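The values are calculated or read from the model by the stated rules, or taken from the named source; none is laboratory data. These figures come from a predicted structure and were not determined experimentally. With ideal geometry, Cβ positions are generated from the backbone for all residues, glycine too; neighbour counts draw on all protein chains shown.
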Amino acid sequence: MSVRIAVRPCTLGLAGIAVGDGGVRVVALGDNPDALFAELALRLGGEPTTEAAADDPEVAAVLAAVNGNGAPPRIDLRGTEFQMAIWQTLMGVPAGSTVSYAELAKAASRPSAVRAVGTACGANPVAVIVPCHRVLRSDGTLGGYRWGIDRKTALLHREGAAVTV
């Protein structure tokens with residue numbers, strides 16, 4: 001089966017979306033459609049793709065979730081055992097809450113792997129759905145975000161998280 005791909009406008013600019021039979025595979029954020037299609041191709045590693053129909057219900061569900069007005073869609077995460085542990089732990093951080101990299105490492109039973117947690121967050125294939133934007137530095141500052149600090153700030157404010165910018 002091929003993976004359906006789409007680039008659609010969202011509240012955070014553009015969302016590049018890849019959906020397969022097992023669920024959402026990739027959500028990438030950006031401002032350039034060509035760059036997002038390239039990101040999807042890179043993330044999918046040469047898997048066959050087709051362009052999603054304009055009315056694809058799974059793409060619509062992803063957009064609703066990215067826009068903050070829909071339930072998280074079914075996802076098909078793929079990563080190393082460590083990445084999967086970090087991403088699963090992140091899924092338990094509720095909207096409006098934040099966690100430090102150190103707290104996330106401890107919660108994932110990997111207390112000494114703080115730097116690796118940051119790397120796992122950067123490798124997250126499904127922006128917003130796996131909420132890496134909820135991870136802050138230990139001093140409470142925002143740190144980085146693969147999709148840009150402005151998007152991270154917007155997401156945290158939209159969720160009502162108490163953060164200092």
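At a glance:
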| item | result |
| --- | --- |
| Residues that are farther than 25 Å from residue 26 by Cβ and not in a loop (DSSP other than H, G, I, E, B), drawn from region 108-126 | 114 |
| Given (1) in contact with a helix residue (DSSP H, G or I) (Cβ under 9 Å, 6 or more places away or on another chain); (2) hydroxyl-bearing (Ser, Thr, Tyr); (3) not assigned by TED's automatic domain parsing to the domain that holds residue 123, number of the condition residue 50 does not satisfy | (1) |
| Tabulated pairs, region 31-55, first in contact (Cβ under 8 Å) with a residue 12 or more places away in the chain, second assigned to a loop (DSSP other than H, G, I, E, B) and of a type in the set (Ser, Thr, Tyr), C-beta under 6 angstrom, 6+ apart or interchain | 48/2; 49/2; 50/2 |
| Filtered residues of region 127-158 (kept if within 13 Å of residue 99 (Cβ to Cβ), in contact (Cβ under 8 Å) with a residue 24 or more places away in the chain and assigned to a helix (DSSP H, G or I)) | 132, 134, 156 |
| Subset of region 82-105 [surrounded by fewer than 17 Cβ atoms within 10 Å (Cβ to Cβ) and either more than 16 Å from residue 123 (Cα to Cα) or not aromatic (Phe, Trp, Tyr) (or both)] | 84, 88, 91, 92, 94, 95, 96, 97, 102 |
| Filter result for residue 136 (crowded, with 21+ Cβ neighbours inside 10 Å, farther than 19 Å from residue 39 by Cα and touching a strand residue (DSSP E or B) at 6+ places or on another chain (Cβ under 8 Å)) | yes |
| Flag if residue 60 is modelled with pLDDT of 95 or more, more than 19 Å from residue 147 (Cα to Cα) and among the aliphatic types (A, V, I, L, M) | yes |
| Residue in region 100-121 that is touching a helix residue (DSSP H, G or I) at 6+ places or on another chain (Cβ under 6 Å) and of a type in the set (Ser, Thr, Tyr) present | yes |
| Test: residue 40 is buried (at least 19 other Cβ atoms within 10 Å of the Cβ) and farther than 19 Å from residue 87 by Cβ | no |
| From the options 32, 69, residue that is more than 25 Å from residue 161 (Cβ to Cβ) and surrounded by fewer than 19 Cβ atoms within 10 Å (Cβ to Cβ) | 32 |
